[in-house]
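Colleague: One structure follows; several queries about it will come next.
The values are calculated or read from the model by the stated rules, or taken from the named source; none is laboratory data. Everything numeric here is computed off the predicted structure, so don't read it as measured data. Note that we place each Cβ from the backbone using ideal geometry, even for glycine, and neighbour counts take in every protein chain shown. Just the protein is used for accessible areas: all its heavy atoms, side chains included, with ligands, DNA and RNA removed. Shrake-Rupley method; radii C 1.70, N 1.55, O 1.52, S 1.80 Å.
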Amino acid sequence: MFYGSIVWDPWLIVAQILCLQCLYYITLGLFLSILVGTRVSRMSLFYLFDFAAVTASTITGCCVIASFLLTSVAGAGYMLYLIERAKKCLDFSATIYIFHLFLCIIYGGWPSSITWWVVSVTGLAVMALLGEYLCIRRELRDIPITRYRSNV
């Protein structure tokens, strides 16, 4: 796809946001079930959306933090294949975390934990910067030439 051919496609942008958001929560749920699910007797939405679960004072809280940070690394990989443009990585990363903030507010109220904010901002930075790095590496690859020139 040539990037200059379609200037504004709102349906594509909405579809990309929905895909990234779904992949974000699927991956977060997977990491939480692996890291936290083995430590607690019952998994719930508390670990996804409540700011009180993100704490460094318990081993379970540290596993929740690790899940969020690993999900941001995976999100950068998703952006490499779904977004494909380094200029858009910050926008899509911020959109994911803003939606997550709204869902956290709906579920458990305004996040008053400093740890939650540090983890969220760190996750946003990791996802945006790593996504930009990966997309820039792909954009700067040499274009393969299939026809060989003869040395005459």
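Colleague: Output the residues belonging to the range 84-111 that are under 12 Å from the mean Cα position of the chain (by Cα) and over 28 Å from F46 (Cβ atoms). So that I can check it myself, show each step before the final result.
Modeller: At the first step, the residues of the range 84-111 found to be under 12 Å from the mean Cα position of the chain (by Cα) are 89-100.
Residues satisfying the conditions are C89, L90, D91.
Colleague: What about C135, is it closer than 22 Å to L20 by Cα and open to solvent by less than 40 Å² (accessible area, probe 1.4 Å)?
Modeller: On the way: closer than 22 Å to L20 by Cα: yes; open to solvent by less than 40 Å² (accessible area, probe 1.4 Å): yes.
Yes.
Colleague: Got a number for residues in the range 31-48 being surrounded by 13 or more Cβ atoms within 10 Å (Cβ to Cβ), hydroxyl-bearing (S, T, Y) and either in contact with a Phe, Trp or Tyr (Cβ under 6 Å, 6 or more places away or on another chain) or free of Cβ contacts under 8 Å to residues at least 12 places away in the same chain (or both)?
Modeller: Of the residues in that region, 1 qualify.
Colleague: Looking at the range 106-132, I want the residues that are of a type outside the set (S, T, Y) and have a partner that is in a helix (DSSP H, G or I) and loosely packed, with under 13 Cβ neighbours inside 10 Å with Cβ atoms under 9 Å, at least 6 apart or on another chain. Which pairs are those?
Modeller: From the range 106-132, the pairs are E132/K87.
Colleague: Pick out the one residue from L70, L28 that is open to solvent by 30 Å² or more (accessible area, probe 1.4 Å) and at pLDDT 95 or above.
Modeller: Details: L28 fails: open to solvent by 30 Å² or more (accessible area, probe 1.4 Å).
Result: L70 is the single residue among L70, L28 that is open to solvent by 30 Å² or more (accessible area, probe 1.4 Å) and at pLDDT 95 or above.
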